[in-house]
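The values are calculated or read from the model by the stated rules, or taken from the named source; none is laboratory data. Computed from a predicted model, the values in this text were never measured in an experiment. For neighbour counting, all protein chains shown are included, and Cβ atoms are generated from backbone atoms with ideal geometry for every residue, glycine included. Side chains included, ligands, DNA and RNA excluded: accessible areas come from the protein's heavy atoms. Shrake-Rupley method; radii C 1.70, N 1.55, O 1.52, S 1.80 Å.
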Amino acid sequence: MANEFSLDGKVAVVTGAARGIGLEIACRLAQSGAQVVFTDVEPELGPEAAASVQGGSYRNLDVTVQSQWEDTIQEIRDQHGRLDILVNNAGISPAGNIEQSDLALWRRVQTINVESVFLGCRTALPLMRQSGEGGSIINLSSIQALRPAAELAAYSASKAAVRALTKSVALHAARDRIRCNSVHPGGVHTRMLDDFAALTGDAEAALLKLNAANPLGRVGLPLDIANGVLYLASDLSAWVTGLELVIDGGSTL
Ligand SMILES: NC(=O)c1ccc[n+]([C@@H]2O[C@H](COP(=O)([O-])OP(=O)(O)OC[C@H]3O[C@@H](n4cnc5c(N)ncnc54)[C@H](O)[C@@H]3O)[C@@H](O)[C@H]2O)c1
């Protein structure tokens with residue numbers, strides 16, 4: 001029986017792939033057989049990350065810049081002639097409740113976390129459609145979209161927008177068998193979580209507390225999220241679209 005987790009012959013692009021969850025996703029897709037374009041705004045870390053796996057290549061892409069999206073997709077068209085998987089992962093999560101968050105912070109978060117997904121989906125869809133074989137778009141949202149925290153006002157709103165946009169894209173693209181799903185991680189141990197824990201003044205104690213508060217006894221690892229993304233990228237999820245895949249160790253139950 002064919003290994004349906006295999007991504008042999010598929011081409012993927014992952015944003016924010018130089019570190020953290022994006023890096024793990026890009027490596028997981030490459031290890032499963034895809035040609036993966038790692039993209040980020042980290043000209044040193046990024047190429048190193050892409051070189052660590054077979055089938056990886058790196059391209060600088062600031063996800064907020066439309067012309068850079070257009071150039072990236074054009075380059076993939078020229079080099080591979082197809083695009084099967086788009087993972088919109090890049091994001092930021094500056095802390096701040098509604099009164100602490102000024103308009104500049106609000107706009108920065110919406111631009112990097114939401115406008116990027118809008119640009120990515122609309123720029124990639126024509127090439128994804130071209131093969132006639134369908135495709136998969138996976139957008140990184142968060143449990144904050146479902147259960148917002150007071151101190152993450154702009155971030156929670158941005159991730160809720162990603163959740164809704166995902167479903168709209170799913171309905172639009174379904175006729176071409178292009179699926180679009182959102183992934184909602186709980187706290188995952190990356191620099192993003194470390195920065196958040198550091199705000200408490202005792203990062204180590206904050207992480208211990210987060211581990212203890214989770215029903216499964218720990219915060220997430222990037223691989224926990226990458227495994228979910230691999231399912232959504234593969235043909236095993238061929239009849240799954242518009243799903244909110246919550247991967248959080250049970251923390252929202
Ligand atoms: N870590 C968590 O606990 C957690 C929980 C829920 C959701 N998420 C989401 O998962 C995704 C990845 O988070 P992470 O924890 O790996 O974060 P991270 O900060 O470790 O990595 C984010 C990556 O995005 C890149 N990036 C930032 N701005 C960019 C831009 N304008 N253009 C291109 N790349 C840019 C960074 O360079 C970095 O490589 C984010 O969308 C985040 O909101 C993370």
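Here the scattering of the stretch 1-147 is modelled by Debye summation over its C-alpha atoms, one equal scatterer each and no solvent; at q = 0.14, 0.18, 0.19 Å⁻¹ the log10 of I(q)/I(0) is -0.66, -1.03, -1.13. Taking chymotrypsin sites (Phe, Trp or Tyr not before Pro) in DSSP loop conformation with at most 16 other Cβ atoms inside 10 Å as exposed sites, the chain has its longest uninterrupted site-free stretch at 6-238. Peptide packing for 42-50, 89-97 was compared via the average number of neighbouring C-beta atoms within 10 Å per residue; ordered from the highest value, the list is 89-97, 42-50. Between the Cα long axis of helix 203-213 and the first principal axis of the chain there is an angle of about 80°, rounded to the nearest 10. On the beta carbon distance between A174 and L45, with R0 = 35 Å, the FRET formula returns roughly 0.45.
Restricting the stretch 130-211 to trypsin sites (Lys or Arg not before Pro) that sit in a DSSP loop and have at most 16 other Cβ atoms within 10 Å of their own Cβ leaves R177. Of the Cα atoms belonging to the chain, the radius of gyration and Dmax stand at 17.4, 57 Å. How far apart, in nanometres, would the label points at L208 and R108 be if each is projected 7 angstrom from Cα along the Cα-to-Cβ direction? My value for the distance between the label points is 3.2 nm. Spin-label pair K167-S6: with each label point 7 Å from Cα along the Cα-Cβ axis, the two points sit 3.7 nm from one another. Heavy-atom surface analysis with a 1.4 Å probe gives the chain a carbon and sulfur content of 53 percent of its accessible area.
When +1 charges are put on Lys and Arg Cβ atoms and -1 charges on Asp and Glu Cβ atoms, the dipole computed for the chain relative to its Cα centre reaches about 720 debye. Rounding to the nearest 10 and keeping the result within 0 to 90°, find how far the Cα-based axis of helix 116-130 lies from the longest principal axis of the chain. Long axis of 116-130 versus the principal axis of the chain: about 20 degrees. Computed over protein heavy atoms with a 1.4 Å probe, the accessible surface of the chain works out to 47 Å² per residue. Between the beta carbons of A198 and A150, assuming R0 = 25 Å, the FRET efficiency works out to 0.85 to the nearest 0.05. The label-point distance for E244 and Q31, in a model that sets each label 7 Å from Cα toward Cβ, rounds to 3.0 nm.
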